[in-house]
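Undergrad: Just dropping this structure here.
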Amino acid sequence: MRSLQARVTVVAALVLVVFVVLASLALERAFQASARSAREERLLGQVYLLMAAADTQEGALSLPPGLAESRFTLPGSGLYGQVTDAVGVTVWRSASVADPDIPFDTRLAPGQRSFRESMDGAGRAYFVEGYGVTWSIGPEARGYTFSVAEDLSEYRRELADFRASLAGWLGAMAVLRRMAERK
């Protein structure tokens with residue numbers, strides 16, 4: 001009789017472990033997709049912020065030194081911006097850019113939007129959002145690419161915190177469930 005009870009207990013424990021692992025994987029993937037989507041939307045908002053701040057002066061596109069998003073003015077802040085012309089020449093770069101190797105989008109066609117994860121030459125990862133536009137400067141229309149990059153370290157830290165929290169809560173749930181079975 002003891003042997004049958006032991007086998008049932010082992011099988012129940014295995015089923016519980018499989019359920020907890022599968023549930024944690026599903027929750028983690030859903031959280032990761034949600035966090036990535038939120039970053040994409042936030043970076044697109046930053047691109048729109050740059051476009052709204054842009055103006056023409058003396059026949060050229062220009063951006064003010066101070067922007068509504070203060071991280072563009074702080075070197076190494078994790079948020080970086082750049083505007084390039086149709087041939088890929090940098091027209092403006094935020095004061096936050098200390099590393100010229102950040103993988104900005106440089107030549108997007110007007111109306112083309114891009115969101116991607118990319119690495120620089122030193123192996124640092126970024127989310128990069130870019131948007132190609134046509135800008136009228138006097139009688140002439142010129143193509144520009146507005147691009148924003150954000151360091152992935154905060155995103156990765158957020159995912160790690162979620163994983164730790166998820167493991168703790170699901171582990172506690174499994175222990176409580178197991179304790180309830182014994183009573």
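The values are calculated or read from the model by the stated rules, or taken from the named source; none is laboratory data. Owing to the predicted nature of the structure, the values given are computational and were not obtained by experimental measurement. For neighbour counting, all protein chains shown are included, and Cβ atoms are generated from backbone atoms with ideal geometry for every residue, glycine included. The protein model used for the area step is the full one, side chains on, heavy atoms only, and it has no ligands, DNA or RNA in it. Shrake-Rupley method; radii C 1.70, N 1.55, O 1.52, S 1.80 Å.
Undergrad: I'd like the full set of residues that are more than 21 Å from residue 153 (Cα to Cα) and either open to solvent by less than 20 Å² (accessible area, probe 1.4 Å) or in contact with an Asp or Glu (Cβ under 8 Å, 6 or more places away or on another chain) (or both), limited to segment 65-105.
TA: Scanning segment 65-105 gives 83, 84, 91.
Undergrad: How many residues are at pLDDT 90 or above and open to solvent by 60 Å² or more (accessible area, probe 1.4 Å) if we restrict to segment 39-57?
TA: Looking only at that region, the number is 4.
Undergrad: Within segment 120-153, track down each residue that is within 15 Å of the chain's Cα centre (by Cα) and under 17 Å from residue 46 (Cα atoms). Before you say what the answer is, go through the steps one by one.
TA: So in segment 120-153, the residues within 15 Å of the chain's Cα centre (by Cα) come out as 124-130, 147-153.
Passing the criteria: 126, 127, 128, 129, 130, 147, 148, 149, 150, 151, 152.
Undergrad: Return a yes/no flag: does segment 146-154 have any residue that is in contact with a helix residue (DSSP H, G or I) (Cβ under 9 Å, 6 or more places away or on another chain), surrounded by 18 or more Cβ atoms within 10 Å (Cβ to Cβ), of a type in the set (Gly, Ala, Ser) and modelled with pLDDT of 90 or more.
TA: Within segment 146-154, one or more residues are in contact with a helix residue (DSSP H, G or I) (Cβ under 9 Å, 6 or more places away or on another chain), surrounded by 18 or more Cβ atoms within 10 Å (Cβ to Cβ), of a type in the set (Gly, Ala, Ser) and modelled with pLDDT of 90 or more.
Undergrad: Restricting segment 129-141 to residues that are assigned to a strand (DSSP E or B), at pLDDT below 90 and open to solvent by 70 Å² or more (accessible area, probe 1.4 Å), which is farthest from residue 82 (Cα to Cα)?
TA: Checking each candidate, the answer is 140.
Undergrad: If you don't mind, another one. Take residue 27 and tell me if it is open to solvent by 40 Å² or more (accessible area, probe 1.4 Å), assigned to a helix (DSSP H, G or I), in contact (Cβ under 8 Å) with a residue 24 or more places away in the chain and over 17 Å from residue 152 (Cβ atoms). Steps first, answer last, please.
TA: Working: open to solvent by 40 Å² or more (accessible area, probe 1.4 Å): yes; assigned to a helix (DSSP H, G or I): yes; in contact (Cβ under 8 Å) with a residue 24 or more places away in the chain: yes; over 17 Å from residue 152 (Cβ atoms): yes.
Yes; evaluated as a whole, the condition is true for this residue.
Undergrad: Being over 26 Å from the mean Cα position of the chain (by Cα) and open to solvent by less than 60 Å² (accessible area, probe 1.4 Å) is the filter here; which residues of segment 1-24 pass it?
TA: 6, 9, 12, 13, 16, 20
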